[in-house]
Amino acid sequence: GRQQQQQQQQQRQHSISSNLRSYAVPPSEGRDESNYRAAAEHYYKTHGVLPLPGTVHAILPMENEVYSGSGGDGIPSNARNVLVIGDIHGCHDELMLLHSKAVQENNGGLPFRAVISVGDLTAKGPRSVDVIRHFRNTEGWYAVRGNNDDGALKAALGDATRSNQAKYDFVKDLTDEEVEYMAELPYTIRIHASYLERDRSAEEEEDDDEMDVRDTVIVHAGFVTGRPIEEQDVPTMILVRGLQKLRSDDDPWEFYSYTKANLVQVPKPAVGPMLWAKTWKGPERVIFGHDAPKGLQRYDGDWALGLDTSAVYGGDITRLIL
């Protein structure tokens with residue numbers, strides 16, 4: 001009955017955390033700046049820093065996923081595969097076209113079990129608000145937070161510098177609930193290998209070469225190689241492109257910041273700067289965005305796959321089917 005369905009939905013919510021749950025709330029007429037209806041706004045104005053989301057490292061659900069029959073709530077029972085989408089930057093129309101083509105051309109006309117963005121849903125493009133509303137209100141659509149999403153959130157919460165930047169003008173049209181949704185976006189989403197095995201065909205199961213027992217992790221920018229994902233800091237996850245070893249090849253990798261100061265730093269690093277994705281050898285496969293200048297990135301072993309192909313600069317939004 002209805003009570004059982006609500007309990008199933010609550011179980012699913014806890015399995016992936018409330019920050020990934022979609023809520024169909026009608027948008028109001030922008031935000032009221034005169035109060036602290038968004039919890040994140042109160043925290044930001046009290047502490048001067050963004051609060052961490054309730055779940056920094058989320059996991060796509062395996063046990064409590066809600067599947068429905070025809071016409072019901074939840075994920076359709078015939079849904080299959082996971083669609084991962086590169087940086088969107090407010091390009092709503094292109095996003096909708098990409099999804100439609102992926103369903104028809106890559107998924108046999110069937111819905112996806114999950115659609116996941118590598119972050120930077122917003123900023124620079126024309127319809128950031130519509131992108132946020134679509135992800136928030138569509139069952140099975142998830143996103144990690146990117147650096148531009150972080151910047152937009154700060155602008156929405158009162159950061160004077162970012163509030164005056166044209167690329168963040170759209171935040172004035174967000175509701176408090178939409179700001180709170182952005183504040184609860186995780187920084188990574190893990191997809192266990194067993195989650196993807198459900199969609200394998202009988203032919204694939206018989207072919208050992210097709211087996212991939214790696215977990216997949218979605219992040220906006222990347223990681224420092226040699227450091228567990230749970231120990232990565234926020235600036236790394238939303239900003240990293242290069243790594244360095246300061247003194248010798250025996251040193252651990254460190255974040256290399258592409259700033260003017262670092263470009264002329266003395267002494268020069270002993271190793272690097274080197275693209276982090278070239279150094280990453282697991283144990284997780286990582287799918288990321290952020291690095292538009294490098295475009296589509298793919299390296300030996302497919303340990304790291306980069307999907308930012310400059311959609312907002314006249315390029316394409318890239319899709320990857322898992």
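The values are calculated or read from the model by the stated rules, or taken from the named source; none is laboratory data. Predicted, not measured: the structure shown is a model, and the values here were computed from it. Virtual Cβ from ideal backbone geometry, glycine too; neighbours counted across all protein chains shown. We work out accessible area using only protein heavy atoms, side chains counted, and drop any ligands, DNA or RNA first. Shrake-Rupley method; radii C 1.70, N 1.55, O 1.52, S 1.80 Å.
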*Would you mind working out the accessible area per residue for segment 84-178, using a 1.4 Å probe, and quoting it in Å²?*
33 Å²
*What ranking, highest mean first, results for peptides 282-292, 116-126 when packing means the other Cβ atoms within 10 Å averaged over each residue?*
116-126, 282-292
*Sort the following peptides by mean Cβ neighbour count (other Cβ atoms within 10 Å, averaged over residues), highest first: 274-281, 302-309, 95-102.*
302-309, 274-281, 95-102
*Rank-order 214-220, 168-174 by packing density, defined as the average count of other C-beta atoms within 10 Å over each peptide's residues, highest first.*
214-220, 168-174
*asked:* Just to confirm, what accessible area per residue do you get for segment 219-322 at 1.4 Å probe, in whole Å²?
replied: 50 Å²
*All other residues with a Cβ under 15 Å from the Cβ of G272 taken together, and with Lys, Arg as +1 and Asp, Glu as -1, what is their net charge?*
+1
